[in-house]
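Worksheet for the structure shown next.
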Amino acid sequence: MEVNRSYRDIHPKFKLNGVGYNLEALKEVAYSLIKEGEQYERWIGNFLLDWLNPKNTIAVKTSGSTGTPKVIQLQKQQMVHSALATGTYFALQAGDRALLCLPAQYIAGKMMLVRAMVLGLELDYVRSSSYPLAQIEKEYDFGAMVPLQLGNSINKMEQFRTLIVGGAPLSDPLRQQVGTKSTRVYETYGMTETITHIAVREINTGNSHFFAMPNVQFTKDERGCLIITAPMISTEPVATNDMIHLISKTEFEWLGRYDNVINSGGVKLFPEQIEAKLVPFIPNPFFVASLPDQALGQKLIVVLEGTIDLHELENTLKSEGVLERFEFPKELYTLPKFLKTDTGKIRRKETIALLDI
């Protein structure tokens, strides 16, 4: 890893939409994007100006998936270290072609720009949409998507040599589709506080464990939740609410969110694992949650968005036998619309409060 690279350096092979820029020229591009661009281009321009200013920190907004979104300060040099670690792990070379199809409003999009500037990638950018490859025929060495984008790009994903996917867990059907492709696809684990991913697992191999990026180690706390030690990107260990099975100091299996775990009759149930089993049988957006129950303490429920025949769904789940006895929902509910964060994640607690119970 080129630990001596500075955030003040723009790699000489860096290109943006096919054009190379030095520092001053890149500032002019940023101003132009802010003044004349569409919203997604203004986000790119604003980030570039923040990156190129003399400050050694940058303000980044968290996604709000586990609470109220907040603004935190990240060290630019630590973002450089994250970019270098990604380059090392995925064997990215100066001159490799990459695609930015995520919004530069959030850390995942910002880091694609940082990687390009630090590693010397030829980066193209497009509007962040559910179908990012709709108008693209070009081939790329590297890209990043969310699961929705990947699912809508299955027929074109082999335009990439390597893809990283994050923001939400992948469903089992999507994993199976990806596994038949030649593109190397990696599910990522990370958050804004860790400057995107600090662990990955290659989907094509069928491995259920996450492996640490360079210079990252794992432990867990008394709750069984992951603690991340990554001195190159965080001065302090990062405590999470993600329950894990710790395999080694560089390897773990993700079980689910601590704040989502359901204790039903003394049995711990992980909604995320049950949801993965249900995806093939439920066409609507849905999530697994719980409600208070006098006998069980908590009873498992499924909340669905939109219209669906709940009686027919219940019969299907019983006949398919995909759920263990304790995993079968006690109740099924529907709502016209879920409440979501800015990044599209379901606000579970607030949505459950909308139920007419």
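The values are calculated or read from the model by the stated rules, or taken from the named source; none is laboratory data. The structure displayed is predicted, hence computed values, not measured ones. Please note: Cβ atoms are built from the backbone with ideal geometry, for glycine as well, and neighbour counts cover all protein chains shown. These area figures cover heavy atoms from the full protein model, side chains too; ligands, DNA and RNA do not enter into them. Shrake-Rupley method; radii C 1.70, N 1.55, O 1.52, S 1.80 Å.
For Gln39 and Thr334, compute 0.36 nm times the residue count separating them, minus their Cα-Cα distance, and round to one decimal in nm. Don't skip to the end; give the middle numbers.
Values: separation 295, 0.36 × 295 = 106.20 nm, distance 3.40 nm.
Once the chain is fully extended between Gln39 and Thr334, it gains 102.8 nm.
Using a/c under 1.5 as the rounded threshold, could you call region 20-64 rounded, prolate or oblate? The axes a ≥ b ≥ c are square roots of the C-alpha gyration tensor eigenvalues, and prolate needs a/b larger than b/c, oblate otherwise.
Oblate shape, in that a/c is at least 1.5 and b/c is the bigger or equal ratio.
Give the Rg (one decimal place) followed by the Dmax (whole number) of region 150-293, computed from C-alpha coordinates and expressed in Å.
According to the Cα coordinates of region 150-293, Rg and Dmax are 16.3, 50 Å.
Take region 198-357, compute every pairwise Cα distance, and split them into 10 Å bins from 0; I just need the percent in each bin.
Values per bin, smallest distances first: 9, 32, 33, 20, 6, 0.
Roughly how many nanometres apart are two label points built 7 Å out from the Cα toward the Cβ at Ile72 and His11?
Taking the simple label geometry, Ile72 and His11 are separated by 2.6 nm.
So how do Glu236, Glu331, Glu187 rank on accessible area, 1.4 Å probe, biggest first, that is with the largest at the start? Can you show the working numbers first?
Numbers: Glu236 120, Glu331 70, Glu187 10 Å².
In descending accessible area the options line up as Glu236, Glu331, Glu187.
With labels modelled as points extended 7 Å from the Cα through the Cβ direction, what inter-label distance (nm, one decimal) is found for Glu314 paired with Asn284?
Between Glu314 and Asn284, the simple spin-label model gives 1.4 nm.
Along each of the three principal axes of the Cα atoms of region 123-166, give the extent in whole Å, ordering the values from largest to smallest.
Reported extents, whole Å, longest axis first: 20, 19, 19.
With no solvent and one equal point scatterer per Cα, compute the Debye intensity ratio I(q)/I(0) for region 251-298 at 0.19, 0.21, 0.23, 0.26 Å⁻¹ and report its log10, rounded to two decimals.
Calculated log10 I(q)/I(0) at the listed q: -0.69, -0.80, -0.89, -1.00.
Go through region 43-48 residue by residue and turn each phi into a ³J(HN,Hα) via Karplus (6.51, -1.76, 1.60, θ = phi - 60°); whole Hz please, and just put x for glycine and proline.
4, 4, x, 4, 5, 4
What do you get for the angle between helix 23-36 and the principal long axis of the chain? Use alpha-carbon atoms, 0 to 90 degrees, nearest ten.
Compared with the principal axis, the helix lies near 50 degrees.
Name the shape class, rounded, prolate or oblate, that the alpha-carbon gyration tensor gives for region 1-147, where a ≥ b ≥ c are the square roots of its eigenvalues, rounded holds for a/c under 1.5, and otherwise prolate holds if a/b is larger than b/c and oblate otherwise.
Values: a/c = 1.16, a/b = 1.01, b/c = 1.14.
Cα axes put region 1-147 in the rounded bin.
Stretched out fully, how many nm does the piece from Val238 to Ala295 gain, at 0.36 nm a residue minus the Cα gap? Write out the running numbers ahead of the final one.
On the way: separation 57, 0.36 × 57 = 20.52 nm, distance 3.71 nm.
Gain in length upon complete extension: 16.8 nm.
Show me, for region 244-253, the HN-Hα J-couplings you get by feeding each phi into the Karplus relation (A = 6.51, B = -1.76, C = 1.60, θ = phi - 60°), rounded to Hz, glycine and proline as x.
9, 9, 7, 8, 7, 5, 10, 8, 8, 10
Please report the base-10 log of the normalised intensity I(q)/I(0) for region 19-95, using a Debye sum with one equal scatterer per alpha carbon and no solvent, at each q in 0.13, 0.16 (1/Å).
For the requested q values the scattering log ratios are -0.55, -0.81.
Ordering Tyr131, Tyr89 by accessible area with a probe of 1.4 Å, largest first, what comes out?
The most accessible residue leads, giving Tyr131, Tyr89.
Rounded to the nearest 10 Å², what accessible area does Tyr258 show when all protein chains are kept and the probe is 1.4 Å?
Around 100 Å² of this residue is reachable by solvent.
Expressed as an acute angle from 0 to 90° and rounded to the nearest 10, what is the orientation of the C-alpha long axis of helix 107-119 relative to the principal long axis of the chain?
Taking the Cα atoms of the chain, the angle to 107-119 is about 30 degrees.
For n ≥ 4 DSSP H runs only, could you compute -39500 (n - 2.57) per run for the chain, divide by its residues and tell me the 222 nm figure to the nearest 500? Working shown, then result.
Numbers: 9 runs with 91 residues, N = 357.
Theoretical 222 nm ellipticity from helices: -7500 deg cm²/dmol.
If each of Gln176 and Arg347 carries a label point 7 Å out from its Cα toward its Cβ, how far apart are those two points in nm?
Taking the simple label geometry, Gln176 and Arg347 are separated by 3.5 nm.
Bin width 5 Å, alpha-carbon pairs only: give the P(r) of region 107-224 as whole percents, running from 0 to the bin holding the largest distance.
2, 10, 20, 24, 21, 13, 6, 3, 1, 0
Across every pair of different alpha-carbon atoms, what Kirkwood hydrodynamic radius in Å does the chain reach? Show your work: numbers first, answer last.
Values: mean 1/r = 0.0460 Å⁻¹.
Here the Kirkwood hydrodynamic radius works out to 21.7 Å.
I'd like the FRET efficiency for Ile247 and Lys27, computed as 1/(1 + (r/R0)^6) with the beta carbon distance as r and R0 of 51 Å, rounded to 0.05. Spell out each step's value before the answer.
Numbers: r = 46 Å, r/R0 = 0.90.
After rounding to 0.05, the efficiency reads 0.65.
Along each of the three principal axes of the Cα atoms of region 305-350, give the extent in whole Å, ordering the values from largest to smallest.
Principal-axis extents of the Cα atoms in region 305-350, largest first: 37, 22, 16 Å.
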